[in-house]
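J.: Quick one: structure below, then a few questions.
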Amino acid sequence: MLYKSLYLPDMIKWEEDSLSDTFGRLEITPLERGFGRTLGNAMRRVLLSLLEGFAPVSLTIEGVEHQFSTLPGVVQDVTELVLNVKSLIFNLEEQKTGTVRLDVSKNGKFTGKDLTGDKYVKVINQDQEIAQLDDTGKLSMEITVEKGKGYIPADEWSIHGKEEKAGTILLDSWFCPVRKVNYQVKSARVGDRTDYDHLIMDIETDGSIDPKKAVNEACEIIIEHLQMIPGGLEPEEKPDIISEEKDSKNDFLSFAVDDTDIPTRIANVLKSAGIQTVSDLLETKSADILKIGGFGPSSLDTVNEVLKKQKLSIDD
């Protein structure tokens, strides 16, 4: 297919024999010389760093104050339990946060399939071992799962509005659903020419998203950026992320707190206390907000940073 004297691909296909929920091989050919690496590099970078996914972000274990504890009757120590929980793969079915529990008090090995909680939380790797108990063992834990992007170490969660408190273990969270991307570029023939590119990409995911959907989302991200370039965008014209559809201050006041840049965890805490909109938030004194369970000074600072973009702040 010709386009402005450029030859566009005649074949874009997935290898059906190997396609699964976790693996896919995509072939694109022919491409102009050099376009194989151009597309391969761009798609690989986006797939591995910019797609949103789900991960456990915190863990609460009854009777445990910190990560370096042991529990009677439980074969694993708390550090091993944490590693097992971090290995669980979740899908929240379009939700932003969810909670699951493991409550057991009998001999046996317990895995992801034994978790109970929010119905929309799906455990992908149900055979992942969590804990093993003997006859005297008892274990009660709660896992909070959230939607996010990239990698957030446990010691950086405070930047994102999470409070370090006794009994809650913050986890290193890897959200990206794509585990591995490899690509190779071979030669392709068009007529008498053999210097065209044949791009082959192998995409491996964690099962919370299939390779086809992952590629579609990556392409949308790339296209969205490229479409902005021809028209240009001056710094002062840059749309505010908080109010990309409504830019007046009055409109912003009617926004739900979880429709702003306020982190999901903080927004959920505010909503649980009856603060549903930005207007509700501004009508509440900071001292009263700090009385809300799970809401600390750093959370208040985070909220004020978001409000500051609209030249607003919470009254003392």
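J.: Place the peptides 139-147, 286-294, 70-78 in order of packing, highest mean first, counting for every residue the other Cβ atoms within 10 Å and averaging per peptide.
T.: The most tightly packed comes first, giving 139-147, 70-78, 286-294.
J.: Quick check: pseudo-label points 7 Å beyond the Cα along Cα→Cβ at LEU312 and ASP195, how many nm apart are they?
T.: Modelled inter-label distance: 5.9 nm.
J.: Could you sort 252-260, 169-177 so that the peptide with the highest average Cβ count within 10 Å comes first and the rest follow in order?
T.: Final packing ranking: 169-177, 252-260.
J.: Please work out, to two decimal places, the log10 of the ratio I(q)/I(0) at q = 0.22, 0.24 Å⁻¹ from a Debye calculation in which every Cα of region 249-308 carries one identical scatterer.
T.: -0.81, -0.99
J.: Per residue of region 19-24, what does 6.51 cos²θ - 1.76 cosθ + 1.60 with θ = phi - 60° give for ³J(HN,Hα)? Whole Hz please, x for Gly and Pro, Karplus curve as stated.
T.: 5, 8, 5, 10, 9, x
J.: Multiplying the sequence separation of SER286 and ASP103 by 0.36 nm and subtracting their Cα-Cα distance, what value in nm do you get?
T.: Between SER286 and ASP103, full extension yields an extra 62.2 nm.
J.: Between LYS165 and GLU129, what length comes free when the chain is fully extended (0.36 nm per residue of separation minus the Cα-Cα distance, one decimal in nm)?
T.: 10.3 nm
J.: Once you have the Cα-Cα distance between THR136 and GLN67, take 0.36 nm times their residue separation minus that, and quote the gain in nm to one decimal.
T.: Taking 0.36 nm per residue and subtracting the Cα distance, the gain is 22.7 nm.
J.: Now for a different question. With a length cut of 20 Å (Cα positions projected on each helix's long axis) and a Kyte-Doolittle mean of at least -0.5, go through the chain and give me the DSSP H helices that pass.
T.: The answer, listed by residue number, is 35-49, 211-228.
J.: Oh, and also: Estimate the FRET efficiency between LYS96 and SER5 by the formula 1/(1 + (r/R0)^6), using the beta-carbon distance for r and 45 Å for R0, to the nearest 0.05.
T.: Taking R0 as 45 Å, the efficiency between LYS96 and SER5 is 0.45.
J.: Place a +1 charge on the Cβ of each Lys and Arg in the chain and a -1 charge on the Cβ of each Asp and Glu, then give the dipole magnitude about the Cα centre in debye, rounded to the nearest 20.
T.: Dipole of the chain, to the nearest 20 debye: 540 debye.
J.: Also: How do 120-131, 188-199, 218-229, 265-276 rank on mean C-beta neighbours within 10 Å, highest first?
T.: Highest mean packing first, the order is 265-276, 120-131, 188-199, 218-229.
J.: What is the Rg over Rh value, at two decimals, for the chain, using alpha-carbon atoms and the Kirkwood definition of Rh?
T.: Answer for the chain: 1.06.
J.: Please work out the C-alpha center-to-center distance from region 111-178 to region 67-105 and express it in whole Å.
T.: 5 Å
J.: Using +1 at the C-beta of Lys and Arg and -1 at the C-beta of Asp and Glu, which of PRO297, ALA267, LEU307 has the Cα lying farthest in the positive direction of the dipole of region 249-308?
T.: Checking the options against the dipole of region 249-308, the answer is PRO297.
J.: Between GLU52 and ASP155, what FRET efficiency follows from the Cβ-Cβ distance if R0 is 22 Å, with the result rounded to 0.05?
T.: Working: r = 22 Å, r/R0 = 1.01.
Calculated transfer efficiency: 0.50.
J.: Using a Förster distance of 30 angstrom, determine the FRET efficiency expected from the C-beta separation of ASP259 and CYS219, and round it to 0.05.
T.: 0.70
J.: Which of the listed residues, GLN227, MET11, LEU281, is farthest toward the dipole's positive end in the chain, when Lys, Arg count +1 and Asp, Glu count -1 at the beta-carbon?
T.: Sorting the options by dipole projection puts first MET11.
J.: Rounding to the nearest 20 debye, state how big the charge dipole of region 249-308 is about its Cα centre with +1 on each Lys and Arg Cβ and -1 on each Asp and Glu Cβ.
T.: Around 180 debye, computed over region 249-308.
J.: Within region 30-75, report the chymotrypsin sites (Phe, Trp or Tyr not before Pro) that DSSP leaves as loop and that have at most 10 other Cβ atoms within 10 Å.
T.: Details: sites: PHE35, PHE54, PHE68; in loops: PHE68.
In loop regions of region 30-75 (DSSP not H, G, I, E or B), the sparsely surrounded chymotrypsin sites (Phe, Trp or Tyr not before Pro) are PHE68.
J.: May I pose another question? What do you get for Rg/Rh over region 57-173 if you use C-alpha atoms and the Kirkwood form of Rh?
T.: 0.95
The numbers here are math on the coordinates, done by the rules we state, and not lab data. Just so it is clear, the model here is predicted, and its values are computed rather than measured. Neighbour counts run over all protein chains shown; Cβ positions are idealised from the backbone, glycine included.
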